[in-house]
C-alpha cells in the first residue's frame, strides 16, 4: 500500500479540517513561503468512515454517508486553499483527500517531503488539556524524515532562538545541523542544550564522595568542544551551549520558553535516550512553548 500523491520537495501538512488544525496549516504555509516550497494540504478519511455519535442521525438520513463526508471534506479543503492563497499570493497550494489512516499517510509522505507538519492534538481533545494525539504520536514514531509538531496553544516566539537537544548519540549531529540551518535562515541564535540527570546517578547509591559539580563541568567542556566543531561549518552562527543538571524533558521544555523552534533527534543516548517513542518525547511535544521538529535519520531510497 502506498499514498496516491507525490510529496517530493513539498511541505506536507495534515489536517482534520478543524479550527484547531488551522494553526498547523498556517504555520506550514508561512514556512513554505519562507523556504520557497510548494504546500500540500492533506486530509485522510477512512475507507469505511464511522460517524461520531452526534452525527449519527445525519449519517443515517444522508443515504450515502461516505460520499457526504467526502463532499464536505472537499468543500472545506477548497475553502482552505482559497484562504491560504489569498493570504500568501504566489504560493503554490495543492489539497488532497487520501483514503487511509492519517498517521500512515503522513509517515509515507515523509519519505520524500521536505517537511511534514502535524498538529499536536486532534479536534476532540479537551481545550484545557495539553494533549498529544494518537495521529501525532504515530507520525513521529514511523516517519522517515523531519516532522514538525505544532501545538495550537504554543506557536513560539518568532524572534526567539532555535533550541536543539544535543548528546553523544549518532543522531545529535544531524539534529544540530538541521537546527543550525534553521537558526541561520531565521537570523536567530542557536541554544544547544544537554541534560545531565544527576538524580539517576545518586538515587539510593553510595557515590563515594564524587563532586557532581565537577562531573557536570567536565561534561559541559566536552559538549562545548563537540558543538564547537560542528558550529565551525556554519559561519556567522551564534551558538550558546548549556549543560544543565536536569531531566531531558524538563531541560528542553524550560529552554523552549521564548524560543522560536525546538529541534530534537529521533533517538539519542545519555541525556536524550528514547526521545521519540518514550516519555521524554511525549512530554516535550506536549509541553513545549514552541513548535518542535523531530529530525530522523536517512530516508529510504525505495518503497
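Summary of computed values
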quantity	calculated
Residue in the range 142-160 that is in a helix (DSSP H, G or I), in contact with a helix residue (DSSP H, G or I) (Cβ under 6 Å, 6 or more places away or on another chain) and either in contact (Cβ under 8 Å) with a residue 24 or more places away in the chain or assigned by TED's automatic domain parsing to the domain that holds residue 215 (or both) present	yes
Residue within the range 51-71 that is at pLDDT 85 or above and in a loop (DSSP other than H, G, I, E, B) present	no
Verdict on residue 265 being within 20 Å of the chain's Cα centre (by Cα), at pLDDT below 85 and at positive phi	no
Some residue of the range 94-103 being at pLDDT below 95 and part of a helix (DSSP H, G or I)	yes
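The values are calculated or read from the model by the stated rules, or taken from the named source; none is laboratory data. Just so it is clear, the structure is predicted and the values come from calculations on it, not from any experiment. Backbone-built Cβ (ideal geometry, glycine too); neighbour counts: all protein chains shown.
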